[in-house]
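This report concerns only the one structure given below.
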Amino acid sequence: MRRNHIKQRLKNGGTVIGTMVQEMRSPSIAQVLRAVGYDFFMIDMEHGSYSLESAADILRVGRLVDMSPIVRVSGPEYHLITGPLDHGAIGIMLPRVETRAHVEKLVEAMKYPPVGKRGCSSDAPYSEYVFGPLPEFLDVSNKDTLVIVQIERKAALDNLDELLSVPGVDVALIGPEDLSVSLGIPGETSHPLVVEAIQKVIAAAGRHEVVPGIHLGSVEKLKGWMAQGMRVIIYSSDLGFIMEAGAAGLAGLRAAVE
């Protein structure tokens, strides 16, 4: 079976860097990001327009080029979590987490018995159609799936120890923009209240042996948080890359003719 190389790297104390895929539907985006050198990508099925079918094509190519494709699902319902897993996602991030029950539901859907209640289909695309002993297949799958809870609500900050102490949680990933909205300072991701909240998550993650992560569009801000212990880094998005590079190039060309 294809193994989850980013989970192993995190277990060894390393850092992984990826980006969000929220607009591109061509499966080739996985190859492009691999060629650039990213460790992983995350398909945004919360805010993006992806169906399971369109996401599945990108996930498949991601696995074939030996990346670790992850999906941000739109909610904790069983089918929203297991569908992407069956089609190749090696990790799931659940947004808007607020209660321990949310996290337990996520882990339960992602893991096979006896750990969870995920239904078994060993001939699904994520097995690469290489069938071995079922007990080994289930064990490796349970070990390799990456469980990510997104911390982006004030209620989550108030319940951090309850959330991160759930067995099976691998990563606590900050959504700074939504967090700023929840704290009443929308868009102020460098506000002292947001900074304090992020530091609180880093500390809680350390207490529970969970890896802290963050998603931002600024390299300098990400470097600052990496220095404070962030090890799962999501930099910008496919849309961000297009808009930023397009705007910068256009500005240079406009300046040449003005």
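Okay, here's what the table says:
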| quantity | calculated |
| --- | --- |
| Subset of segment 35-56 that is without any contact (Cβ under 8 Å) to a residue 24 or more places away in the chain and in a helix (DSSP H, G or I) - its residue that is nearest to Ile234 (Cα to Cα) | Val36 |
| Any chance Glu196 is closer than 14 Å to Leu94 by Cα, out of contact with any strand residue (DSSP E or B) (no Cβ under 8 Å at 6 or more places or on another chain) and in a helix (DSSP H, G or I) | no |
| Count of segment 232-258 residues which are over 20 Å from Pro95 (Cβ atoms) and surrounded by 15 or more Cβ atoms within 10 Å (Cβ to Cβ) | 1 |
| Search result, residues across segment 23-34 that are closer than 16 Å to Ser237 by Cβ and part of a helix (DSSP H, G or I) | Ile29, Ala30, Val32, Leu33 |
| Subset of segment 7-48 [more than 17 Å from Ile242 (Cα to Cα), modelled with pLDDT of 95 or more and among the polar types (S, T, N, Q)] | Asn12, Thr15 |
| All positions within segment 100-149 that are surrounded by 17 or more Cβ atoms within 10 Å (Cβ to Cβ) and basic (Lys, Arg) | Lys105, Lys111, Arg118 |
| Filtered residue count, segment 2-22, keeping only those that are small (Gly, Ala, Ser) and either over 13 Å from Ile233 (Cα atoms) or over 11 Å from the mean Cα position of the chain (by Cα) (or both) | 2 |
| Index of the failed condition, Gly229 passing every other in (1) among the small types (Gly, Ala, Ser); (2) touching a strand residue (DSSP E or B) at 6+ places or on another chain (Cβ under 8 Å); (3) not in a loop (DSSP other than H, G, I, E, B) | (3) |
| When residues of segment 201-227 are limited to those that are in contact (Cβ under 8 Å) with a residue 12 or more places away in the chain and surrounded by fewer than 14 Cβ atoms within 10 Å (Cβ to Cβ), the one farthest from Val171 (Cα to Cα) | Val219 |
| Residue in segment 217-226 that is among the hydroxyl-bearing types (Ser, Thr, Tyr), on the phi > 0 side of the Ramachandran plot and at pLDDT 95 or above present | no |
| Leu183 touching a Leu at 6+ places or on another chain (Cβ under 6 Å), at pLDDT 95 or above and buried (at least 16 other Cβ atoms within 10 Å of the Cβ) | yes |
| Residues of segment 57-75 classified as assigned to a loop (DSSP other than H, G, I, E, B) and under 22 Å from Glu128 (Cβ atoms), total | 5 |
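The values are calculated or read from the model by the stated rules, or taken from the named source; none is laboratory data. Keep in mind the model is a prediction, meaning the values are calculated, not measured. Because the Cβ atoms are built from the backbone with ideal geometry, glycine has one as well, and the counts that use them run over all protein chains shown.
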